[in-house]
Structure formats: C-alpha cells, structure tokens
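Engineer: Below is a structure I'd like to ask you about.
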Amino acid sequence: MLTVYVHPRCADSYRVYRLLSSRTPQSTRITYLDTEKYPFRALEYGVFSVPAFSLNGRLVLQGYFEDEEVVSLASGAGLRVSSLDEAFSRLLKSVYYSLTVASAVYVAGDLSVVAGSKSYLMSASGAFFVPEGEKFPEYAARRLSQTPFSEVEQGLLRNIAGNFARDLYWLTGEVPTRERVEKLGEGFFEAWLLARASIGRVFVPQSSPRPGLRERVSKAWSYVLGVIDKAGARVKEEQESIPQGWVEEASAQA
C-alpha cells in the first residue's frame with residue numbers, strides 16, 4: 001500500500017493528489033497522511049519534505065521526483081535508478097526541496113550535516129531501487145564531504161527565499177514586498193532562518209556558530225531582498241490555487 005505524506009497548504013502535495021486521482025485506478029490503495037495533524041508520525045519515518053511516499057511502511061521517496069515515478073510507485077512498479085552516482089545526483093536535487101534540510105545545510109555551510117540519516121539519504125535519492133543500494137549511505141557520506149558548498153549554494157538560497165516569503169504570507173495574510181521586508185530588518189530574517197534551521201535541541205546552529213555563519217546570513221538576506229517581490233507574488237498565486245479541505249477529500253476517497 002502506498003502512503004503519501006502531504007501538507008494541506010503544499011502546492012506539490014495537492015498536485016500529486018490530483019495526479020494520482022487522474023492516473024490510477026480507483027481500486028489502487030492510497031492513503032494520504034496530513035503532516036500538519038500528525039507531525040511526529042512523519043518525523044518518526046524520516047519525512048523532511050512533502051510530499052513523501054512510503055510503500056508498506058517503508059519511506060522510499062521524498063524531495064526530487066518526476067510525476068511518472070509517482071504513478072509508477074502507485075502501480076507497484078517502483079522507480080528506475082540505475083546507479084549510486086545517479087542516486088547521488090537525485091539526493092543533491094532533493095536537498096533543495098526541503099526547507100528543513102536546505103536551511104540546516106546553509107547555516108552549517110556543509111552538506112555533510114545530512115550524512116547521518118540513513119532514512120533521508122535512501123528516500124531522497126531513490127537508492128532503495130538501486131541494485132547495490134545498501135552501499136549508498138557510505139557512498140553518499142563520502143561524496144557529500146567532497147562536494148563544495150559553493151556548488152549547492154544558489155539552490156539553497158532559492159529555497160530559503162521562497163519559504164521566507166511563504167511564511168510571511170501565512171503569518172500576516174499579506175503579500176511580502178521588499179518595502180515590508182526591509183522594515184522587518186536583517187535581524188528578523190536571521191532569527192527566522194536560525195529558528196527554521198534548528199531541530200529542537202538536537203541542532204541549534206546559534207548555540208555553537210560554525211565558521212562563516214554571520215557572512216552566510218548576510219548573503220542570504222541580500223539575496224532575499226533581491227527576489228522577494230517576485231517570490232511574494234508567486235506565493236500568493238500558489239496559495240490561492242490550493243482549495244481548502246482537499247486533504248479531507250483525499251482521505252475520504254481512500
């Protein structure tokens with residue numbers, strides 16, 4: 001059975017629901033789990049981004065995916081990931097799909113911060129479907145330590161800026177603009193970024209700042225100011241396109 005972890009205000013979650021509704025037979029067993037209602041259940045399975053997918057209780061996919069891969073999962077056919085190298089390429093793409101992961105990597109300035117989570121490494125890469133997938137966590141840890149931060153920095157900044165705009169829209173009900181954000185100031189942005197990157201008391205980046213943290217925060221702030229007008233407009237359009245109550249509708253059809 002396929003379980004899809006979704007959030008009611010996530011555009012990609014809603015898109016996957018519509019995709020599966022139109023591309024799979026009614027007899028296909030699909031359960032939708034609302035991570036807003038059951039956050040700790042999602043965390044227990046290693047869900048760091050939505051939508052995420054588990055087959056028979058095992059998390060197998062999150063972050064980067066193609067629509068056809070989701071349809072294939074629902075049909076029981078699985079994914080086609082041919083090698084450890086391809087799985088690693090998918091993992092790097094997946095980092096950009098999760099604010100939890102992207103913000104933690106950014107404030108740490110090091111991709112290796114995610115290397116200890118076998119569940120994340122396997123599900124964010126598709127390595128479960130690689131013939132030699134059991135070797136992937138060790139392979140990924142080595143490759144992550146060798147990948148320069150500069151190689152992923154722009155993608156992380158895009159994720160952070162988009163999610164900052166979305167959070168402001170949710171908090172205020174108004175479209176964030178450069179003028180409004182400048183009034184909030186860099187200190188507000190820094191507090192938001194560090195709070196979003198923190199994982200309870202497990203990872204608290206401001207408690208023992210890593211080298212270059214202050215410079216990275218300032219760079220992210222400058223990036224946000226440059227894109228916030230466009231990001232705010234996109235967020236408004238995105239959020240207005242998601243109907244209320246769709247998760248309940250999906251669950252009722254399961």
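Engineer: Using θ = phi - 60° and the Karplus relation 6.51 cos²θ - 1.76 cosθ + 1.60, list the HN-Hα couplings for the range 227-241 in order, rounded to whole Hz, with x at every Gly or Pro.
Structural biologist: With coefficients 6.51, -1.76 and 1.60, one gets 10, 5, 4, 5, 5, x, 5, 5, 4, 4, 4, 4, 5, 6, 8 Hz.
Engineer: Separate question: Got a sec to turn the phi values of the range 152-164 into Karplus ³J(HN,Hα) couplings, 6.51 cos²θ - 1.76 cosθ + 1.60 with θ = phi - 60°, whole Hz, x for Gly and Pro?
Structural biologist: With coefficients 6.51, -1.76 and 1.60, one gets 10, 4, 4, x, 5, 5, 4, 4, 4, 5, x, 6, 4 Hz.
Engineer: Can I ask one more? List the residues, sorted by chain then number, that are 5 or more residues from Leu61 or on another chain and whose placed amide H is less than 5 Å from its amide H.
Structural biologist: The answer is Phe53.
Engineer: Looking at the range 2-80 only, what percent of DSSP beta bridges run antiparallel? Nearest 5 please.
Structural biologist: If I count the DSSP bridges inside the range 2-80, around 60 percent turn out antiparallel.
Engineer: Further, regarding this structure: Rounded to two decimal places and with Rh computed the Kirkwood way over Cα pairs, what is Rg over Rh for the range 153-240?
Structural biologist: 0.98
Engineer: Would you calculate the separation in nanometres between label points at Val202 and Ser72, each defined as 7 Å from the Cα along the Cα-to-beta-carbon direction?
Structural biologist: Calculated label separation equals 3.0 nm.
Engineer: Only four residue types carry charge here, +1 at the Cβ of Lys and Arg and -1 at the Cβ of Asp and Glu. Report the dipole size of the range 84-148 about the Cα centre in Debye, rounded to the nearest 20.
Structural biologist: Approximately 100 debye in magnitude.
Engineer: Just name one of Leu144, Phe129, Ser119: the one whose Cα is farthest towards the positive end of the charge dipole of the range 108-179 (beta-carbon charges, Lys/Arg +1, Asp/Glu -1).
Structural biologist: Highest projection toward the positive end goes to Phe129.
Engineer: Right, something else. Rounded to the nearest 20 Debye, what is the dipole magnitude of the chain about its Cα centre when Lys and Arg each give +1 and Asp and Glu each give -1 at the C-beta?
Structural biologist: 300 debye
Engineer: Kindly write out, for the range 31-37 in residue order, the coupling ³J(HN,Hα) from the Karplus curve 6.51 cos²θ - 1.76 cosθ + 1.60 (θ = phi - 60°), rounded to whole Hz, with x marking Gly and Pro.
Structural biologist: Using θ = phi - 60°, the values come out as 10, 10, 10, 7, 6, 5, 7 Hz.
Engineer: Going by Cα centres, the range 30-62 and the range 175-238 are how many Å apart?
Structural biologist: So the two Cα centres are separated by 26 Å.
The numbers here are math on the coordinates, done by the rules we state, and not lab data. Since the structure is predicted, the reported quantities are computational estimates derived from the model, not experimental observations. Every residue, glycine as well, gets a Cβ built from its backbone with ideal geometry; the counts of neighbours run over all protein chains shown.
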